Protein chains: 2
Amino acid sequence: MCEANVYLVDETGKEELILDSVDKVIPDENGITLENIYSERKTLRARIKLMELVEHRIILENLD
Amino acid sequence: MCEANVYLVDETGKEELILDSVDKVIPDENGITLENIYSERKTLRARIKLMELVEHRIILENLD
């Protein structure tokens, strides 16, 4: 399976795991919605900073 | 390997394959840069509309 782990990075570069095994990522004007393969959902006021799919990593940063 | 195929969708819903086997996706204020596992790179004035990682699909839509 090719899901990814989603991390939120803060201004010091520290990464916090937000949700693992993420399948769907849906950005909108207010932020981003994540859904994993267990149908867990999280919505954050964040945007994608970087994705490294081979490493199964998606890095988000806070909006604002 | 867990790379994805990246498609650009137009206003009619038609999808055009932009780059296959994409590993890295880097958005910025002007658009998005894609890099695949063969080190091919493309930059577009587009944003992510939807990602379905289990299906290896990333859908972009044009900015503007």
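Going residue by residue through the stretch A:28-35, is there one that turns out to be within 10 Å of chain B (Cβ to nearest Cβ), in a strand (DSSP E or B), open to solvent by less than 90 Å² (accessible area, probe 1.4 Å) and at pLDDT below 95?
So far as the stretch A:28-35 goes, yes, one or more of its residues are within 10 Å of chain B (Cβ to nearest Cβ), in a strand (DSSP E or B), open to solvent by less than 90 Å² (accessible area, probe 1.4 Å) and at pLDDT below 95.
Kindly indicate whether A:V25 is under 19 Å from B:I58 (Cβ atoms), facing chain B (nearest Cβ under 10 Å) and open to solvent by less than 20 Å² (accessible area, probe 1.4 Å).
Yes: the conditions hold for A:V25.
If you scan the stretch B:36-50, which residues turn out to be facing another protein chain (nearest Cβ under 8 Å), within 9 Å of the chain's Cα centre (by Cα) and of a type in the set (A, V, I, L, M, F, W, C)?
B:I48 - this is the single residue of the stretch B:36-50 that is facing another protein chain (nearest Cβ under 8 Å), within 9 Å of the chain's Cα centre (by Cα) and of a type in the set (A, V, I, L, M, F, W, C).
Checking A:S21 against (1) on the phi > 0 side of the Ramachandran plot; (2) at pLDDT below 95, which test does it fail?
(2)
Kindly list the number of the only condition in (1) open to solvent by less than 40 Å² (accessible area, probe 1.4 Å); (2) over 10 Å from the mean Cα position of the chain (by Cα) that fails for A:L19.
(2)
From B:V54, B:V6, grab the single residue that is assigned to a strand (DSSP E or B) and open to solvent by less than 60 Å² (accessible area, probe 1.4 Å).
B:V6 is the lone residue from the list that is assigned to a strand (DSSP E or B) and open to solvent by less than 60 Å² (accessible area, probe 1.4 Å).
The values are calculated or read from the model by the stated rules, or taken from the named source; none is laboratory data. Predicted model only: the values in this text are computed from it and were never measured. Cβ coordinates were reconstructed from backbone atoms using ideal geometry, including for glycine residues, and neighbour counts include every protein chain displayed. In case anyone asks, the SASA skips ligands and DNA or RNA and just uses the protein heavy atoms, side chains included. Shrake-Rupley method; radii C 1.70, N 1.55, O 1.52, S 1.80 Å.
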